[in-house]
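Asks: So that we are looking at the same thing, I have put the structure below in structure tokens.
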């Protein structure tokens, strides 16, 4: 009798367990399916409708396609969450596509298409003449394209489609209080309204190059000075692992007194020196008579010439006072200085 009772109880427990497993598995499958469907819906909802509008207008304006490939359009729209840099890539995708090249647009038509696509308006007479003349003189279409996308008018257009500037955060914010951004290979200071300010042309190329080419330093720092574009980059780290630490405008040698280009090293420091009727503070020597130092002051300590971003010196590299002071106090002897 007991055996039959035990057997009956065991069967009941086994049946209940089976039902419970089936129920749990079924529910789990249902939940997973629902979660998967919800994820797909969420993924679609993450794309701002204005991103689709931004891409859609480019099909019509640039490549003259009235019916866009749905998958491509979605992919391009989704990428715009990356901000201005992503918008640059999307614009490049259209203006240098096979479809656009097949249209065989003249230089005038190309410039007009840039105005409509990048600024959302027709060209003005003087502006169009300026860009057409650059193209006729041998300036490439790509460089003209870059000029259009490196303007605050393009930034304003992007904002109207909820495409925002993504800031670059540097460890030192002196001179970059509102952050920075990158468009193509150019870095920009931002002003308090989020507009593009000072341009450090091709700065991103130097950032890539220093690690790709395994630049070495016996110290924790490496300096690259871009003579053509008048700015200095200070990297911190080690070979293959350099990070951009500081970047600032500079002035350098004028015609006939060009700043020498090549590979040098810091050899010493002076708290100040006098030269050609000027007082220069916080001088870091990197090549014989050539220094990184402050902008020039009169002998009585008043500012003489605070201009940056120009070729105006006798060959030395001039920096803002606080920047030259930081270099003087922090960059050790033997740190490489590469002038390009």
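The values are calculated or read from the model by the stated rules, or taken from the named source; none is laboratory data. Everything numeric in this text was worked out from a predicted model, so none of it was measured. Because the Cβ atoms are built from the backbone with ideal geometry, glycine has one as well, and the counts that use them run over all protein chains shown.
Asks: Could you check the range 284-308 and list, in sequence order, the residues that are surrounded by 15 or more Cβ atoms within 10 Å (Cβ to Cβ) and within 17 Å of residue 260 (Cα to Cα)?
Replies: 284, 285, 286, 287, 290, 291, 292, 293
Asks: Can you say whether residue 231 is in contact with a helix residue (DSSP H, G or I) (Cβ under 8 Å, 6 or more places away or on another chain) and farther than 30 Å from residue 129 by Cβ, as far as the supplied structure shows?
Replies: Against the criterion (in contact with a helix residue (DSSP H, G or I) (Cβ under 8 Å, 6 or more places away or on another chain) and farther than 30 Å from residue 129 by Cβ), residue 231 qualifies.
Asks: Here's something else I'd like to know. What strands (runs of 3 or more DSSP E) completely inside the range 265-325 contain at least 3 residues that are at pLDDT 95 or above and under 28 Å from the mean Cα position of the chain (by Cα)?
Replies: On the way: elements: 268-275, 278-287, 290-294, 303-305, 311-313, 317-319.
It comes to 290-294, 317-319.
Asks: Could you please find all residues in the range 187-202 being touching a residue at least 24 places away in the same chain (Cβ under 8 Å) and either surrounded by fewer than 20 Cβ atoms within 10 Å (Cβ to Cβ) or in the same structural domain as residue 152 (by TED's automatic domain parsing) (or both)?
Replies: 194, 195, 198, 199, 201, 202
Asks: Taking the range 160-179 only, how many residues are under 15 Å from residue 232 (Cβ atoms) and touching a helix residue (DSSP H, G or I) at 6+ places or on another chain (Cβ under 9 Å)? Steps first, please.
Replies: Step one: list which residues in the range 160-179 are under 15 Å from residue 232 (Cβ atoms), which gives 170, 172, 174-176.
Next cut, touching a helix residue (DSSP H, G or I) at 6+ places or on another chain (Cβ under 9 Å) only: 172, 174-175.
Total meeting the criteria: 3.
Asks: Which residues, taken from the range 87-106, are within 24 Å of the chain's Cα centre (by Cα), more than 18 Å from residue 152 (Cβ to Cβ) and in a helix (DSSP H, G or I)? Working first, answer last.
Replies: Our first condition is that a residue be within 24 Å of the chain's Cα centre (by Cα); within the range 87-106, this holds for 87-97.
Those left that are additionally more than 18 Å from residue 152 (Cβ to Cβ): 89-90, 92-97.
Result: 89, 90, 92, 93, 94, 95.
Asks: Still on this model: Go through (1) free of Cβ contacts under 8 Å to residues at least 40 places away in the same chain; (2) surrounded by 20 or more Cβ atoms within 10 Å (Cβ to Cβ); (3) out of contact with any strand residue (DSSP E or B) (no Cβ under 9 Å at 6 or more places or on another chain) for residue 173 and report which single condition fails.
Replies: Only one criterion in (1) free of Cβ contacts under 8 Å to residues at least 40 places away in the same chain; (2) surrounded by 20 or more Cβ atoms within 10 Å (Cβ to Cβ); (3) out of contact with any strand residue (DSSP E or B) (no Cβ under 9 Å at 6 or more places or on another chain) is unmet by residue 173, namely (2).
Asks: Please count how many residues of the range 180-215 are over 20 Å from residue 243 (Cβ atoms), part of a loop (DSSP other than H, G, I, E, B) and in contact with a helix residue (DSSP H, G or I) (Cβ under 9 Å, 6 or more places away or on another chain).
Replies: The qualifying residues number 3.
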